[in-house]
Amino acid sequence: MSNNTSLFVAQLSGRFLNTSRKPTDAKLGHRSLEPTQSTMADIEDTHFETGDSGASVTYPMQCSALRKNGFVMLKSRPCKIVEMSTSKTGKHGHAKVHLVGIDIFTSKKYEDICPSTHNMDVPFVKREDYQLTDISDDGYLCLMADNGDLREDLKIPDGELGAQLRADFEAGKELLCTVLKACGEEVVIAIKTNTALDK
């Protein structure tokens, strides 16, 4: 039996070959307290779970600091604030803020009332322009970022905007699509003619 094989068998049985150990240790079943070293084979077999970075999609803001045309989470949906009113401080508590918002993705209207001193969640909202390079047969857009990266994971928006986008593209216009991203969702919210290519 080779040294590697005997070491492996010894590790499996829980007894490590150690010449400095007393003979009585083996009889009593004692184990060496010396640390063992991992081999590359042990490390290669290790499986690490992957997932999202855990970065938050919202941040807290005091209700009284919110402003019209800003963003806020209402009923767990990212909304643009279209109306805000504050009631006077009552006999038993804080002033209340009445918020009306429109979902930035579905255009559905949401309302909420909260004390002015309470915190509300505000979504991180990002806008980015992409050049439209193609439209697939199944309605997906082929978009190119400023750095040349392509993405094909967004569908043509519903309604008037989608119809206008398709008509302009088929007419041969060079288009920029504005993509809005918040809370893990993305959608094209606007289109414009790419004037940078005319120069």
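Every number here is computed from the coordinates shown, using simple stated rules; none is lab data. Since the structure is predicted, the reported quantities are computational estimates derived from the model, not experimental observations. Note that each Cβ is placed from the backbone with ideal geometry, even for glycine, and that neighbours are counted across all protein chains shown.
Are any residues in the stretch 137-163 charged (D, E, K, R) and surrounded by 11 or more Cβ atoms within 10 Å (Cβ to Cβ), and if so, which ones?
Selection gives 151, 152, 155.
Looking at the stretch 67-83 only, could you name the residues that are farther than 15 Å from residue 189 by Cβ, in a strand (DSSP E or B) and of a type outside the set (Lys, Arg)?
72, 73, 74, 81, 82, 83
If I go through the stretch 77-98 residue by residue, how many of them are of a type in the set (A, V, I, L, M) and touching a Cys at 6+ places or on another chain (Cβ under 7 Å)?
Going through the stretch 77-98 one residue at a time, the tally reaches 1.
Quick one: how many residues across the stretch 84-106 are part of a loop (DSSP other than H, G, I, E, B) and over 11 Å from residue 116 (Cβ atoms)?
Number satisfying all stated conditions: 6.
So which residues in the stretch 107-136 are under 20 Å from residue 191 (Cβ atoms) and loosely packed, with under 13 Cβ neighbours inside 10 Å, if there are any at all?
Correct list: 107, 126, 127, 134, 136.
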